[in-house]
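S.K.: Below is one structure. I have some questions about it.
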């Protein structure tokens with residue numbers, strides 16, 4: 001069986017480094033090359049992973065034997081790179097959020113459909129064993145009808161282009177809302193129909209938001225709350241969290257997705273941190289993407305999934321600005 005050949009378009013997003021390692025570790029794939037508009041970053045990544053560096057995205061996409069690409073650029077560049085890749089007939093795994101506007105997300109979905117290529121969105125939390133088990137419990141009916149969900153996706157402030165609204169599309173609310181909203185939609189099999197949010201910049205006093213609280217109502221009447229704030233300090237022992245408490249008529253399912261950690265005291269580097277153990281959700285995501293190409297499957301996490309998750313984040317900004325409840329879908 002021939003291995004699937006993969007290229008990476010940009011290492012702007014930190015997840016690119018993990019994805020690259022996962023592609024190299026997968027028995028069914030080969031990492032062929034790296035393209036990045038930041039030549040130093042691209043050359044360093046290519047050297048690190050022992051692959052060819054391409055000075056432009058077009059040059060990498062002209063490599064006929066590449067069957068799929070992973071897009072890890074700044075959020076606002078997702079549409080441009082997706083259109084380039086789709087027109088070159090390459091299947092796509094795009095880092096979240098899918099885009100920064102509804103228009104861009106729709107265009108990305110359309111160009112992939114028109115070119116008969118598959119677009120998958122990078123929501124690795126769907127592959128975490130505790131999340132998968134929680135979904136099975138909820139969907140089995142063991143906790144009865146779901147009434148509400150309380151969730152968090154806290155994290156450290158990432159800095160860099162993440163704090164530039166033009167490139168990121170928003171701050172903490174854009175960065176962290178989409179992961180958990182995707183899980184909520186996946187669990188409930190329903191869409192969000194109303195959003196109310198408070199969004200602010202109370203922690204770092206930046207021009208972009210670093211904290212917020214969202215209240216959501218789903219089509220089936222389930223209420224949900226989410227705190228997506230960059231509230232973890234630099235000295236926190238892990239990047240952040242993803243937690244969910246699904247409240248049903250007969251019971252509650254609690255998820256702490258990244259709680260499998262070993263406490264490491266590193267005197268050499270004078271730091272304390274939590275080292276995760278167990279499953280690797282990024283590897284599972286990449287494996288799923290490779291299998292999608294290899295076995296001609298439909299995307300497990302579609303462009304539409306990415307669109308609907310991003311739509312909630314955009315609605316949160318509108319709600320906070322206008323101080324009112326926002327109805328979905330957005331016009």
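S.K.: Given the structure, is residue 189 more than 18 Å from the chain's Cα centre (by Cα), in the same structural domain as residue 320 (by TED's automatic domain parsing) and on the phi > 0 side of the Ramachandran plot? Even if it seems obvious, please write down each step before you answer.
M.R.: Details: more than 18 Å from the chain's Cα centre (by Cα): yes; in the same structural domain as residue 320 (by TED's automatic domain parsing): yes; on the phi > 0 side of the Ramachandran plot: yes.
Yes; evaluated as a whole, the condition is true for this residue.
S.K.: Need the failing condition index for residue 45 against (1) over 19 Å from the mean Cα position of the chain (by Cα); (2) within 19 Å of residue 291 (Cβ to Cβ); (3) part of a helix (DSSP H, G or I), just the number.
M.R.: Evaluating residue 45 over (1) over 19 Å from the mean Cα position of the chain (by Cα); (2) within 19 Å of residue 291 (Cβ to Cβ); (3) part of a helix (DSSP H, G or I) leaves (2) as the failure.
S.K.: Out of 297, 245, 324, which single residue is at pLDDT 95 or above, loosely packed, with under 14 Cβ neighbours inside 10 Å and under 21 Å from residue 186 (Cβ atoms)? Full working, then the answer.
M.R.: Working: 245 fails: loosely packed, with under 14 Cβ neighbours inside 10 Å; 324 fails: under 21 Å from residue 186 (Cβ atoms).
Going through 297, 245, 324 in turn, the sole match is 297.
S.K.: Could you look through region 14-26, keep only residues that are in contact with a strand residue (DSSP E or B) (Cβ under 8 Å, 6 or more places away or on another chain) and surrounded by fewer than 21 Cβ atoms within 10 Å (Cβ to Cβ), and pick out the one that is farthest from residue 62 (Cα to Cα)?
M.R.: First, pick out the residues of region 14-26 that are in contact with a strand residue (DSSP E or B) (Cβ under 8 Å, 6 or more places away or on another chain): 15-16, 19-20, 23-24.
After this cut, where a residue has to be surrounded by fewer than 21 Cβ atoms within 10 Å (Cβ to Cβ) as well, the list is 15, 24.
On the way: 15: 24, 24: 21 Å.
In this case the residue turns out to be 15.
S.K.: Would you kindly identify the strands (runs of 3 or more DSSP E) lying entirely within region 252-331 that contain at least 3 residues that are out of contact with any helix residue (DSSP H, G or I) (no Cβ under 9 Å at 6 or more places or on another chain)? Spell out how you get there, then give the answer.
M.R.: Values: elements: 252-256, 261-266, 271-276.
The strands (runs of 3 or more DSSP E) meeting that bar are 261-266, 271-276.
S.K.: Please go through region 111-161 and pick out each residue that is part of a strand (DSSP E or B), farther than 14 Å from residue 184 by Cα and touching a helix residue (DSSP H, G or I) at 6+ places or on another chain (Cβ under 8 Å).
M.R.: So in region 111-161, the residues part of a strand (DSSP E or B) come out as 119-122, 146-152, 155-156.
Restricting the remaining residues to those that are farther than 14 Å from residue 184 by Cα gives 119-122, 155-156.
Matches in region 111-161: 119, 120, 121, 122, 155.
S.K.: Going through 175, 209, 164, 241 one at a time, which residue ends up being under 30 Å from residue 144 (Cβ atoms) and within 21 Å of the chain's Cα centre (by Cα)? Please lay out each step first, then the result.
M.R.: On the way: 175 fails: under 30 Å from residue 144 (Cβ atoms); 209 fails: under 30 Å from residue 144 (Cβ atoms); 164 fails: under 30 Å from residue 144 (Cβ atoms).
Going through 175, 209, 164, 241 in turn, the sole match is 241.
S.K.: Considering 29, 55, which residue is farther than 14 Å from residue 85 by Cα and surrounded by 15 or more Cβ atoms within 10 Å (Cβ to Cβ)?
M.R.: Numbers: 55 fails: surrounded by 15 or more Cβ atoms within 10 Å (Cβ to Cβ).
So the residue among 29, 55 that is farther than 14 Å from residue 85 by Cα and surrounded by 15 or more Cβ atoms within 10 Å (Cβ to Cβ) is 29.
The values are calculated or read from the model by the stated rules, or taken from the named source; none is laboratory data. Being a predicted model, the structure only gives us computed values, none of them experimental. With ideal geometry, Cβ positions are generated from the backbone for all residues, glycine too; neighbour counts draw on all protein chains shown.
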